[in-house]
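Student: A single structure is presented below for examination.
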Amino acid sequence: MSSVYLLLLLLPLVSAQTYRWGPCPTPQVQPGFNLQQYLGRWYEIAKLPASFERGKCIEANYAVRKDGSIQVLNSQFYKDKVRTAEGTAVIHDPREAAKLGVSFSYFTPYGPYWVLTTDYTSLTVVYSCTDILRLFHIEFAWILGRSRFLPPETVSYAKELLMNEGIDLSKMKNTDQTGCKDN
């Protein structure tokens, strides 16, 4: 009975997310992932809905801090101003370096941030999925580029990769990157 109440409490939180019944898929990740090549600025090209990303000109910047942790600095233009969120990424297992964890608060656990593919210079495809009570899962997917715009065939390739891994893209939306200045 208490799990039903918990589920009812969680539903408003997932309404602006993409959720599906059943367990998370387990897509293949980038073999031989190289964090040093991945660091730097990535622009969001397309995504599955995320309540924390409602603006335009969305970008993420990854850098190694002096203490060796990975700084994640996300920014977006929303309601007439630039909004930022700073988090920390970790590599839990060096043997699977493309499976990172990211947290934006000391009080929340690290959420999965899996790099499915990247060429480090133009495109990356990222997936995140969390099981809830083994009844359903909340998933996120991002297509990111080193520039604000990617050729349509590159975006199609990224979408096909996600679909081939069993990820439903019916709710995927393009991110508005027009009229942006560096955040």
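The values are calculated or read from the model by the stated rules, or taken from the named source; none is laboratory data. Please read these numbers as outputs of a predicted model, since none were measured by experiment. Cβ placement follows ideal geometry from the backbone for every residue including glycine, while neighbour counts extend to all protein chains displayed.
Student: Among the residues of the range 35-53, which ones are closer than 20 Å to residue 147 by Cα and part of a loop (DSSP other than H, G, I, E, B)?
Tutor: At the first step, the residues of the range 35-53 found to be closer than 20 Å to residue 147 by Cα are 35-48, 53.
39, 48, 53 - these are the residues of the range 35-53 that are closer than 20 Å to residue 147 by Cα and part of a loop (DSSP other than H, G, I, E, B).
Student: Can you tell me which condition residue 129 does not meet? The list is (1) surrounded by fewer than 16 Cβ atoms within 10 Å (Cβ to Cβ); (2) on the phi < 0 side of the Ramachandran plot; (3) in contact (Cβ under 8 Å) with a residue 24 or more places away in the chain; (4) not aromatic (Phe, Trp, Tyr), and all the others hold.
Tutor: All conditions pass for residue 129, except number (1).
Student: Another question, if that's okay. Within the range 1-25, take every residue that is under 15 Å from the mean Cα position of the chain (by Cα) and of a type in the set (S, T, N, Q) and give me the one that is modelled with the highest pLDDT.
Tutor: Among those that are under 15 Å from the mean Cα position of the chain (by Cα) and of a type in the set (S, T, N, Q), it is 18.
Student: Could you check how many residues of the range 111-168 are assigned to a strand (DSSP E or B) and closer than 19 Å to residue 49 by Cα?
Tutor: At the first step, the residues of the range 111-168 found to be assigned to a strand (DSSP E or B) are 111-118, 123-132, 136-145.
Right, trim to closer than 19 Å to residue 49 by Cα and you get 111-116, 124-132, 136-145.
So the count comes out to 25.
Student: Out of 167, 143, report the one residue that is farther than 24 Å from residue 75 by Cα, buried (at least 20 other Cβ atoms within 10 Å of the Cβ) and either touching a residue at least 12 places away in the same chain (Cβ under 8 Å) or among the hydroxyl-bearing types (Ser, Thr, Tyr) (or both). Can you show your working first?
Tutor: Numbers: 143 fails: farther than 24 Å from residue 75 by Cα.
On inspection, the qualifying residue turns out to be 167.
Student: For the range 68-80, indicate whether the set of residues that are out of contact with any helix residue (DSSP H, G or I) (no Cβ under 8 Å at 6 or more places or on another chain), surrounded by fewer than 19 Cβ atoms within 10 Å (Cβ to Cβ), outside any strand (DSSP E or B) and at pLDDT 95 or above is non-empty.
Tutor: The answer is no; no qualifying residue exists.
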